[in-house]
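**Student:** After the structure tokens below, expect a handful of questions from me.
The values are calculated or read from the model by the stated rules, or taken from the named source; none is laboratory data. The model shown is predicted, which means the values in this text are computed figures rather than measured ones. Cβ coordinates were reconstructed from backbone atoms using ideal geometry, including for glycine residues, and neighbour counts include every protein chain displayed.
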Amino acid sequence: MASKEEIIENFKKAVIEGNLEEAKKWAEEAIKAGLDAYEVITQGGAKAMEVVNELYEKREYFVPEVLCSAVALQAGVDILKPHIKVEKTKVPSKVILGVVEGDIHDIGKNLVKIMLSAAGFEVIDLGKDVPLQKFIEAIKEHNAELLGMSALMSTTMPGMKKVIDLLVQEGIRDKVKVMVGGGPVTPEWAKSIGADARPKDASEAIDVAKRLVEELKGKKG
């Protein structure tokens with residue numbers, strides 16, 4: 001039987017190559033071997049997409065290859081997700097997620113989506129390069145209690161503050177909690193723009209999301 005390292009490496013390779021059947025096969029092997037599903041997703045799938053993004057930026061991969069990799073990853077995630085060991089939230093809530101306008105780096109956001117979905121949250125994913133007003137519209141439309149925004153480029157980070165300012169202008173800031181994340185986003189900066197939290201990773205995002213929603217429900221009650 002393949003070792004843990006081999007299984008994760010093979011899953012990673014399948015995603016990079018956009019090989020759907022291989023991705024599914026190694027995701028299933030990971031479950032059979034009793035591996036931690038979240039670790040396989042982060043160390044195999046997420047790392048694979050980092051490579052794919054690099055290849056795209058070097059113009060060695062183009063949109064069709066990137067899409068094939070994304071489909072292969074999703075197929076693997078669909079197999080792994082039910083096996084993520086996570087305590088379900090006691091207060092199921094709606095979460096709006098998105099990468100702010102001008103930014104297309106969505107690996108971190110996608111991991112948070114996987115973890116929050118596994119924990120029982122209803123996730124509305126707006127995707128990447130999201131116009132700032134669209135966050136507000138989605139919160140209103142879905143009556144969401146939690147907003148998660150990410151940015152990987154320092155030039156797009158100010159968009160997060162603009163969204164929070166829009167929430168204030170619309171008079172709904174007290175009805176929604178805001179989490180922010182991404183490489184250049186520090187807890188100090190998150191606090192300075194009026195965000196409620198900056199989880200250090202997708203795994204911590206679950207506990208933070210639960211705490212924020214409980215705070216919100218408590219305030220409402």
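**Student:** Filter the range 124-156 down to residues that are assigned to a strand (DSSP E or B) and more than 10 Å from the chain's Cα centre (by Cα) and give me whichever is nearest to Val185 (Cα to Cα).
**Tutor:** Leu147
**Student:** Do you know which residues across the range 70-123 are in a helix (DSSP H, G or I) and among the acidic types (Asp, Glu)?
**Tutor:** Selection gives Asp78 alone.
**Student:** Anything in the range 24-41 that is aliphatic (A, V, I, L, M), farther than 18 Å from Ala118 by Cβ and buried (at least 19 other Cβ atoms within 10 Å of the Cβ)? List them, or say none.
**Tutor:** Scanning the range 24-41 gives no hits.
**Student:** In addition: Go through Gly76, Gly98, Gly120 for me and flag whichever is within 22 Å of Leu147 (Cα to Cα) and out of contact with any strand residue (DSSP E or B) (no Cβ under 8 Å at 6 or more places or on another chain).
**Tutor:** Gly120
**Student:** Restricting to the range 167-221, what's the tally of residues that are exposed (fewer than 15 other Cβ atoms within 10 Å of the Cβ), basic (Lys, Arg) and either in contact (Cβ under 8 Å) with a residue 60 or more places away in the chain or more than 24 Å from Ile84 (Cβ to Cβ) (or both)?
**Tutor:** 4
**Student:** Only one of these is in the same structural domain as Ala138 (by TED's automatic domain parsing) and either over 18 Å from the mean Cα position of the chain (by Cα) or under 18 Å from Gly102 (Cα atoms) (or both): Ile206, Ile164. Name it.
**Tutor:** So the residue among Ile206, Ile164 that is in the same structural domain as Ala138 (by TED's automatic domain parsing) and either over 18 Å from the mean Cα position of the chain (by Cα) or under 18 Å from Gly102 (Cα atoms) (or both) is Ile164.
**Student:** Could you tell me whether Ile16 is within 21 Å of the chain's Cα centre (by Cα), modelled with pLDDT of 95 or more and on the phi < 0 side of the Ramachandran plot?
**Tutor:** Taking the combined requirement at face value, the residue satisfies it.
**Student:** Collect the residues in the range 167-221 that are of a type in the set (Val, Ile, Thr) and either within 23 Å of Gln43 (Cβ to Cβ) or part of a helix (DSSP H, G or I) (or both), keeping them in residue-number order.
**Tutor:** Val168, Val185, Ile206, Val208, Val213
**Student:** Among the candidates Ala70, Ala75, single out the residue that is surrounded by 14 or more Cβ atoms within 10 Å (Cβ to Cβ), small (Gly, Ala, Ser) and either touching a helix residue (DSSP H, G or I) at 6+ places or on another chain (Cβ under 6 Å) or within 23 Å of Asp207 (Cα to Cα) (or both).
**Tutor:** Ala75
**Student:** Condition (residue is within 26 Å of Gly120 (Cβ to Cβ) and modelled with pLDDT of 95 or more) applied to the range 48-69: is it met by at least one residue?
**Tutor:** No.
**Student:** Another question about this same structure. What single numbered condition from (1) in the same structural domain as Arg211 (by TED's automatic domain parsing); (2) of a type in the set (A, V, I, L, M, F, W, C); (3) out of contact with any strand residue (DSSP E or B) (no Cβ under 8 Å at 6 or more places or on another chain) fails to hold for Leu126?
**Tutor:** Failing condition for Leu126: (3).
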